[in-house]
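Single-structure report; data block below.
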Amino acid sequence: MTDEERKHEFSEGQGFSDPYEGFDLDPPELGVDPSKVDPVDSRVVTDMLDRENLDSGNVDADALIDVGLNYMGINRHEQAADAFERAARFADDELVEQEGWVNKGVAHAEMEEWDQAIGAYQEALHIDDDSEHAASAETNLAYALWESGDVSRALEHAERAVELDSRFGQAWYNRGFFLLERGLAEDALNCLDNAIRLGMRNADVLEEKARALEELDRHQEAEEVAEEAEAIRRQQEQELVDG
């Protein structure tokens, strides 16, 4: 996959779409005394939450997930992975534990640490392979397996994600991509159209749809879809320039 295709929305978590406004390295929930730490020290959260100094009764796992999401927002993925793992290990609720493992996988995937990402997603699915977070874990696992070179298992998990949540656009997109890579253009096109119907009308999806149409010798349609994808990319680039 290209660098652009790596920019997948791995997991939404509890507010992953826009969790970063008002970020504070010392959230009050954690009881950190700002007079005792340097607020720009990226290790402050993990240092203050060492297991030797806190027992599980004193840790708010949901707050730790928020800390991890905040770290993701400033591209401190290593610290995010640590926060998510701690959230998973301290959580009393299995859904919170599972969310911690899923988002730990996200953080490792952002660093292209595919073995660690795979392990985190498998931990999440070991907790419950039929929960509200299972579809995210499955589709994320599929992507990580693909990146690690395990193509056959990637498709299996992409299909499982669609079975778990037929309204999950990212799962349909991943399944379509994997099917297209196997030369199954008609099936891939159906999956990509499902992703688009579910709101994923972005450049990545449209480019894959154009590729599927080309494989099916539907060249005029492919050209139109490719032009739309290019227009979206130009608009995104302009928005970045405009700030």
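The values are calculated or read from the model by the stated rules, or taken from the named source; none is laboratory data. What you see is a predicted model, and the numbers here were worked out from it, not measured in a lab. Virtual Cβ from ideal backbone geometry, glycine too; neighbours counted across all protein chains shown. We work out accessible area using only protein heavy atoms, side chains counted, and drop any ligands, DNA or RNA first. Shrake-Rupley method; radii C 1.70, N 1.55, O 1.52, S 1.80 Å.
For the range 188-220, name all the residues that are surrounded by fewer than 14 Cβ atoms within 10 Å (Cβ to Cβ) and part of a helix (DSSP H, G or I).
Within the range 188-220, R197, H219, Q220 qualify.
Evaluate the range 149-170: report whether one residue or more is farther than 23 Å from G73 by Cβ, in a helix (DSSP H, G or I), open to solvent by less than 40 Å² (accessible area, probe 1.4 Å) and touching a His at 6+ places or on another chain (Cβ under 7 Å).
No, the range 149-170 contains no residue that is farther than 23 Å from G73 by Cβ, in a helix (DSSP H, G or I), open to solvent by less than 40 Å² (accessible area, probe 1.4 Å) and touching a His at 6+ places or on another chain (Cβ under 7 Å).
All but one of (1) over 14 Å from the mean Cα position of the chain (by Cα); (2) part of a helix (DSSP H, G or I); (3) among the acidic types (D, E) hold for E99; which doesn't?
Failed condition: (1).
For every residue, the table says whether it meets (1) touching a Leu at 6+ places or on another chain (Cβ under 8 Å); (2) charged (D, E, K, R).
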| position | (1), (2) |
| --- | --- |
| D62 | no, yes |
| H77 | no, no |
| A80 | yes, no |
| R89 | no, yes |
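Mind listing whichever residues of the range 59-87 are more than 16 Å from the chain's Cα centre (by Cα) and part of a loop (DSSP other than H, G, I, E, B)?
V59, D60
Can you tell me how many residues within the range 94-131 are among the small types (G, A, S), crowded, with 19+ Cβ neighbours inside 10 Å and under 17 Å from E147 (Cα atoms)?
5
Looking at (1) at pLDDT 95 or above; (2) within 25 Å of V151 (Cα to Cα); (3) of a type outside the set (F, W, Y), can you tell me which one Q220 breaks?
Q220 satisfies all of (1) at pLDDT 95 or above; (2) within 25 Å of V151 (Cα to Cα); (3) of a type outside the set (F, W, Y) except (2).
The rows are residues; the columns are (1) touching a Gly at 6+ places or on another chain (Cβ under 7 Å); (2) part of a helix (DSSP H, G or I).
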{"residue": "Y121", "(1), (2)": "yes, yes"}
{"residue": "D130", "(1), (2)": "no, no"}
{"residue": "L141", "(1), (2)": "no, yes"}
{"residue": "L145", "(1), (2)": "no, yes"}
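Under 6 Å between Cβ atoms, which residue pairs at least 6 apart in sequence (or on different chains) link something in the range 76-93 that is within 15 Å of A109 (Cβ to Cβ) and among the charged types (D, E, K, R) with a partner that is surrounded by 21 or more Cβ atoms within 10 Å (Cβ to Cβ) and at pLDDT 95 or above?
Correct list of pairs: E85/K104.
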